Every structure is written in C-alpha cells, then in structure tokens.
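These notes concern the structure reproduced below.
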Amino acid sequence: MSVLVYVALGLSLVAMVLTLLRLASPRGWLRPAMVVTVAAMLVVLVTILLWQGVAMGALSLVSVHGVLLALAGVLALVVLLGTVRRWGPGTEAFLVPLVVVLVTAAALVPGRAASLPAEVPYGRTLAHVAAMTGALVSLAFGGVCGLMYLVQENRLRRGSIGRWNRQLPDLERLERYNRRAVIVGFALLTAGITVGGAMMISLRDSLQYGWRDPKIVATLAVWAICGGLVFVAVRPRYRGRPVALLTIAAVLLVAVMPVVAGLVWPTWHMFSAGGGAGQ
C-alpha cells in the first residue's frame, strides 16, 4: 500500500508541474490534463484509505497517516472543483503545494491505525477526528484564500494589472470564501471538541490524559483564537485585509501550537508527537 502513497505523491508533483505550465503559458490541453491528474490522485488517496480500513478492520482516519491523506484528499477535491469551474491556475498555485506537502508527510509516517483502548468508542472517536480534520481543511482553505487576497490586493494597489490578476478570483469572492471557511472551520472545531470532551468526561477513569494535557490545552487555545476570528470576520468594518491577515496567523497557530505544546510538555494524547498512548 505504501506504493500507492508514492503514486499519489507522483501525481501531486505532476499536478504541480501542470500548474506551473498553465501559469507560464496557458494552453488548451493543460486544463483537461490537470483535471485527469487531480482526479486520478483523488481516486488513489481514497483507495488507500479504504484499503487500509479493510486491512485494519477500522477506518485509518484515526491515525496520523490517515488524517494527512484525508487532508490531502479534501484539498485535492477543492483543486479539482476549482479547475473544472475555471478558477484559474493562480488558485491552484496556492493549493497544490499544500497537497504535495501533505502527501509527502503521509509517505514519511507509518501507515497504521492508532491503537485505541477497548473502552474507547470507535464511532465517537472517528466522529471526533473527522470533525477536527474538517476544521483543519476549512481553516487551511481560509488561510489560502487570505493569502491570495493579500497578493491580489497588493498587485491591484500597485496597478500591476496582468495575467496573474485574471488567474486569481476577485477580491470580493476571496473575502467571501475566507469568511465562510473560517465560520465552517470554527463550527467543525467546536463539534470536534464537544465530542472529544464528552468522551473524556465519560471515560475519565480509564484515560491516561485529562484536561491539562498539552494537546487539549493547545486545542482549546486554538478554539478561542478561531472564535475571536469569527467575531472579527462577521463584522463589516474589519472585513478584507484584517481578516485575511488574522486568518493566516490563526492557521499558523493551528499548525504549530499542538506540536510545540507536545514537545515542551509530556502528552498522552493519541496523536502525540512523541508516541504516547495510542501511537
């Protein structure tokens, strides 16, 4: 199955090359080639997850490897939809590198499911991880939209009107995508924390970690930051550049805080960097 991971990585690199070619010299055959490549990559990623699920007797989404592949798959789906809807290679230039990074990371992580204690309900664990994964995807997409907003705004402010501007969505659409992604991400993050918190309360006597675990503390801090971001995003006076900057900062915090917390403070959460319980 590791061979298919490398096949997905190869297809993501091909997609990156096609994106660069479309940016440099848009030709009629490049868009269909991009659609076929990304669709094939998406099929491979879904096949890996399903195959591992059958082999392990449980969906591999409850492993770090599975989460990385799921993140890459959802972003690949966004790229595919964007290519079909003619968003332009400018959008792909921001999204495809993320897919490449995620698939590369998945190739470096062992493809095995997390070992859940017998008393931990698998269904609720899967719902928890799925909600948190969806939150990460939504926030990452919002961060990409925020970055595109800043690039587009800067070029328009300088009066640099060219092909690049036409290959990115307009500022109004980017702002709308950014705002919606932040709201959806916060909602999914809230759902994931709620399910996880309910499990912790019901299993407090059997779990090796509690509310003071660094991953839990970091996640709650991220939730508070995202809540503040939603509050700012829905206020008309702060829309545009401020929300774009805050979204990018929030995404970086989402990616960095749990990892840093786990490195400086011992953790027993199942997705710990140091291989705590469940790894």
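Numbers for the structure displayed
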{"read-out": "Unmet requirement for Gly185, which otherwise passes all of (1) among the small types (Gly, Ala, Ser); (2) modelled with pLDDT under 80; (3) assigned to a helix (DSSP H, G or I)", "value": "(2)"}
{"read-out": "Selection within the stretch 172-202 - open to solvent by 20 Å² or more (accessible area, probe 1.4 Å) and more than 18 Å from Leu220 (Cβ to Cβ)", "value": "Glu172, Arg173, Glu175, Arg176, Tyr177, Arg179, Arg180, Ile183, Val184, Ser202"}
{"read-out": "Thr83 closer than 20 Å to Leu42 by Cα, at pLDDT 80 or above and either open to solvent by 20 Å² or more (accessible area, probe 1.4 Å) or in a helix (DSSP H, G or I) (or both)", "value": "yes"}
{"read-out": "Subset of the stretch 193-245 [small (Gly, Ala, Ser), modelled with pLDDT of 70 or more and not in a helix (DSSP H, G or I)]", "value": "Gly240"}
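The values are calculated or read from the model by the stated rules, or taken from the named source; none is laboratory data. These numbers come from a predicted model, not from an experiment. All Cβ positions, even for glycine, are placed from backbone atoms using ideal geometry, and neighbour counts span all protein chains on display. Heavy atoms of the whole protein, side chains included, go into the accessibility calculation; ligands, DNA and RNA do not. Shrake-Rupley method; radii C 1.70, N 1.55, O 1.52, S 1.80 Å.
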